[in-house]
1. How big is the chain on each of its three principal axes, counting only the C-alpha atoms and giving the largest first in Å?
2. Given the C-alpha centroids of the range 202-256 and the range 141-199, what is the distance between them in whole angstrom?
3. How long are the semi-axes of the ellipsoid equivalent to the range 108-166, from square roots of 5 times the Cα gyration tensor eigenvalues, in whole Å, largest first?
4. Suppose R0 equals 35 Å. What FRET efficiency, 1/(1 + (r/R0)^6) with r the Cβ-Cβ distance, do residue 210 and residue 89 give to the nearest 0.05?
5. Evaluate E = 1/(1 + (r/R0)^6) for residue 104 and residue 183, where r is the Cβ-Cβ distance and R0 equals 30 Å; express this FRET efficiency to the nearest 0.05.
6. To the nearest whole percent, what portion of all C-alpha pairs in the range 112-256 is separated by more than 21 angstrom?
7. So for 210, 106, fewest C-beta neighbours within 10 Å to most, what's the order?
8. How much of the DSSP beta bridge set in the range 156-251 is antiparallel, as a percent to the nearest 5?
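Derivation of every value follows stated rules applied to the coordinates shown; laboratory data play no part. Given the structure is predicted, the values throughout are model-derived calculations rather than measurements. Cβ: placed from backbone, ideal geometry, glycine included. Neighbour counts: every protein chain shown.
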Ligand code: ADP
């Protein structure tokens, strides 16, 4: 049998009170695939990532991660809430980097990175430190291990946040507008780290971004969203040079 998709949304709807944020959203992300989510502000992109992190729960529909239901389990043909321990297990396959770096300000870079592997995975401290050094090298910050976040630029802090998410060895990485809080001259260094990860690792990636050139060169597939729905999905080439939907064309005219 073929591998299950890394991520599968089936008829997902999400409302906050009267506001319908996602409406009947269904899509798959294949194992190892890099999917860019683009679209106007408020179209529901971040909500998709937050649902995957179990920071929100769907109003209806199901989400599967590597073939396992997220947050739900089947009992005699019915879907019921899953056990918290199993939810954590499924969810642990996913790492996320946010717009705000969210590093622990009172901890060194090293301490920030080893915190979760030691506390959550029960990794030996020396092993966690060795892994952290490799990750810091990969994001070009090996010399900053004993610095505190406030001593780093925004771009450096965001690269540490990427290393910290990778330290839990996720199979799926979510990036939520990770350059939006950065000064323009710091954006490139962060995007380059993600480009390199996309090229060199088999991780599945869902990338919400307003950087269209980045979406174009990092993604295998681009999904354009508006008003809580998927308007169209295609290769970067197709979406950026030959969009099929007028809504997509409008958006791209405004941002490119
Ligand atoms: P995007 O990432 O495309 O900008 P979001 O997923 O962040 O869109 O938000 C989609 C819509 O959902 C927005 O209108 C936003 O205001 C609304 N929204 C998101 N989170 C909440 C919440 N916790 N309560 C109420 N409304 C929310």
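1. 50, 49, 40
2. 23 Å
3. 18, 11, 10
4. It comes out at approximately 0.60.
5. Efficiency, rounded to the nearest 0.05: 0.85.
6. 50 percent
7. Fewest-to-most Cβ neighbours within 10 Å comes out as 106, 210.
8. Percent antiparallel among DSSP bridges in the range 156-251 is about 50.
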